[in-house]
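Heads up, the thing below is written out as structure tokens.
The values are calculated or read from the model by the stated rules, or taken from the named source; none is laboratory data. Predicted, not measured: the structure shown is a model, and the values here were computed from it. All Cβ positions, glycine included, derive from the backbone under ideal geometry; neighbour counts span all protein chains shown.
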Amino acid sequence: MSKVLVLNCGSSSVKYRLYDDDHVLDKGVVERVGEPGGGPADHAGAVRQILAGLDLTGLAAVGHRVVHGGRRFTTPTLVDDAVLAAITDLVPLAPLHNPANLAGIAMAREALPGVPQVAVFDTAFHHTLPESAATYAIDRDIAQRYGIRRYGFHGTSHAYVSRRTAELLGRPYAEVNTITLHLGNGASACAVAGGRSIATSMGMSPLEGLVMGTRSGDLDPTVVFHLRREGGMGVDEIDDLLNHRSGLLGLTGANDMREVLARRAAGDEAAMLAFDIYCRRLTGYVGAYYALLGRVDAVTFTAGVGEHSGPVRAAALAGLGRLGVAVDPERNAGSGDRFISPDGAQVAVCVVSTDEEREIARAARAVVSDGN
Ligand code: ADP
């Protein structure tokens, strides 16, 4: 038996899954980490609590989701002291994410001596971005000095979903061009040409791009200067506003798309506007990535909203008929991994259920068996 444990330390939660090969033996989430009244005091405590509750005999590896791998990490990586130091060096680029990931790795290492720990980076899939996609049009020396460039995130999901799309099409991955739309609490779009990420909407951080549950997505940077100068807000306050109190939450008071859809159906104007902003942003990215790819074989929706919200899928792609993109209402209302475009459509539209944990488990297993 060879088990792999996957740990995903988010800002206030730790999700875990224990696999035996591809079979899920156990899974769960510890929430309210570090919040007063309830959960464990910190991520180390949460991981300790998880490890204590699992039968880890025969554990071959632990796979850790790490949000920011910078330019250095382009593949899943076996953790040693140098790797931990390098992930620590990346904290300034991902102050909201990497510290939690690091705490989880450190705790698992301490509690499970001798078990290989593998870091799987959200950024890694996007290391193929061309320089013209990754470079912001600012002073080159300053960009270089501070590591300012587009890194992209959700890479594990975009990789899995684009590969799965090729499978559904019954064509070799290397020949298929896909636009993948990962719409969860965080949301990002990716243009994948023959298995390579060539454009993605999240940038130096997960803040850029699409409208998300609590993040604004694309914004004129002047908004930040204005809030600082005219609003007297501190940088951390603005950071918190744009990352945690914007997006659907800022527009409607609810960060959950189900709630927004229910209010919209009841005629709530703020919810109707939020839905339109959310979908219009998606339409714009699909159009832009269509232009960049030149030929698109499939547009694929995934994650909470992408997998479950027919109205978002239909509205995001409405009006793209001239591009050969259309949604069949009956298929759109169905469930499971499937095509939702009409038969004979020039561009397939797909829904694929993403599974980042399974991908991380596979990656961890692959790193460990390569090393032997
Ligand atoms: P995370 O990004 O945290 O992994 P998910 O991918 O599960 O989250 O996406 C979570 C979001 O999916 C929720 O906030 C909710 O808005 C949305 N969602 C889940 N189910 C539905 C549904 N049936 N209809 C519309 N939106 C849904």
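Somewhere in the stretch 209-217, is a residue more than 23 Å from the chain's Cα centre (by Cα) and either within 16 Å of the ligand (Cβ to nearest atom) or not in a helix (DSSP H, G or I) (or both)? No, the conditions are met nowhere in the stretch 209-217.
The set of residues from the stretch 87-108 being part of a helix (DSSP H, G or I), surrounded by 16 or more Cβ atoms within 10 Å (Cβ to Cβ) and hydrophobic (A, V, I, L, M, F, W, C) comprises ILE87, LEU93, ALA100, LEU102, ALA103, ILE105, ALA106, MET107, ALA108. Filtering ASP26, ASP22 for residues that are charged (D, E, K, R), loosely packed, with under 15 Cβ neighbours inside 10 Å and touching a residue at least 24 places away in the same chain (Cβ under 8 Å) leaves a single hit, ASP22.
Taking the conditions exactly as written (farther than 27 Å from GLU356 by Cα and either within 13 Å of the ligand (Cβ to nearest atom) or aliphatic (A, V, I, L, M) (or both)), does ALA318 satisfy them or not? Taking the combined requirement at face value, the residue satisfies it. Applying the set (1) surrounded by 19 or more Cβ atoms within 10 Å (Cβ to Cβ); (2) in contact with a Ser or Thr (Cβ under 6 Å, 6 or more places away or on another chain) to LEU183 leaves exactly one unmet item: (2).
Condition check ((1) under 30 Å from HIS126 (Cβ atoms); (2) part of a strand (DSSP E or B); (3) modelled with pLDDT under 90; (4) more than 22 Å from the chain's Cα centre (by Cα)) across all residues:
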residue: GLY28; (1), (2), (3), (4): yes, yes, no, no
residue: GLY38; (1), (2), (3), (4): no, no, yes, yes
residue: ALA44; (1), (2), (3), (4): yes, no, no, yes
residue: ALA60; (1), (2), (3), (4): yes, yes, no, yes
residue: ARG72; (1), (2), (3), (4): yes, no, no, no
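I'm trying to understand the selection: among the residues of the stretch 310-356, which are of a type in the set (Ser, Thr, Tyr) and touching a residue at least 60 places away in the same chain (Cβ under 8 Å)? Scanning the stretch 310-356 gives a single hit, THR354. Within the stretch 178-208, the residues that satisfy the criterion of being within 13 Å of the ligand (Cβ to nearest atom) and either among the hydrophobic types (A, V, I, L, M, F, W, C) or on the phi > 0 side of the Ramachandran plot (or both) are LEU181, LEU183, ALA187, MET202. Here the stretch 321-358 is the region considered, the condition is being part of a loop (DSSP other than H, G, I, E, B) and of a type in the set (S, T, N, Q), and the residue that is farthest from the ligand (Cβ to nearest atom) is GLN346. Looking only at residues of the stretch 231-269 that are farther than 15 Å from GLU208 by Cα, of a type in the set (A, V, I, L, M) and within 20 Å of the chain's Cα centre (by Cα), we find that the one that is farthest from the ligand (Cβ to nearest atom) is LEU249. The condition (being under 20 Å from HIS97 (Cα atoms) and at pLDDT 95 or above) is satisfied by just one residue among GLY253, GLY195, GLY203: GLY203. Within the stretch 274-313, if we keep just the residues that are within 13 Å of the ligand (Cβ to nearest atom) and hydroxyl-bearing (Ser, Thr, Tyr), the residue that is nearest to HIS158 (Cα to Cα) turns out to be THR302.
Selection over the stretch 275-296 of residues that are buried (at least 17 other Cβ atoms within 10 Å of the Cβ) and outside any helix (DSSP H, G or I) gives a count of 1.
Identify all residues within the stretch 210-235 that are of a type in the set (D, E, K, R), out of contact with any helix residue (DSSP H, G or I) (no Cβ under 6 Å at 6 or more places or on another chain) and surrounded by 11 or more Cβ atoms within 10 Å (Cβ to Cβ); write none if there are none.
Taking the stretch 210-235 as the starting set, the residues that turn out to be of a type in the set (D, E, K, R) are 215, 218, 220, 228-230.
Now restrict to residues that are out of contact with any helix residue (DSSP H, G or I) (no Cβ under 6 Å at 6 or more places or on another chain): 218, 220, 228-230.
If the condition is that a residue be of a type in the set (D, E, K, R), out of contact with any helix residue (DSSP H, G or I) (no Cβ under 6 Å at 6 or more places or on another chain) and surrounded by 11 or more Cβ atoms within 10 Å (Cβ to Cβ), then ASP218, ARG228 are the ones that fit.
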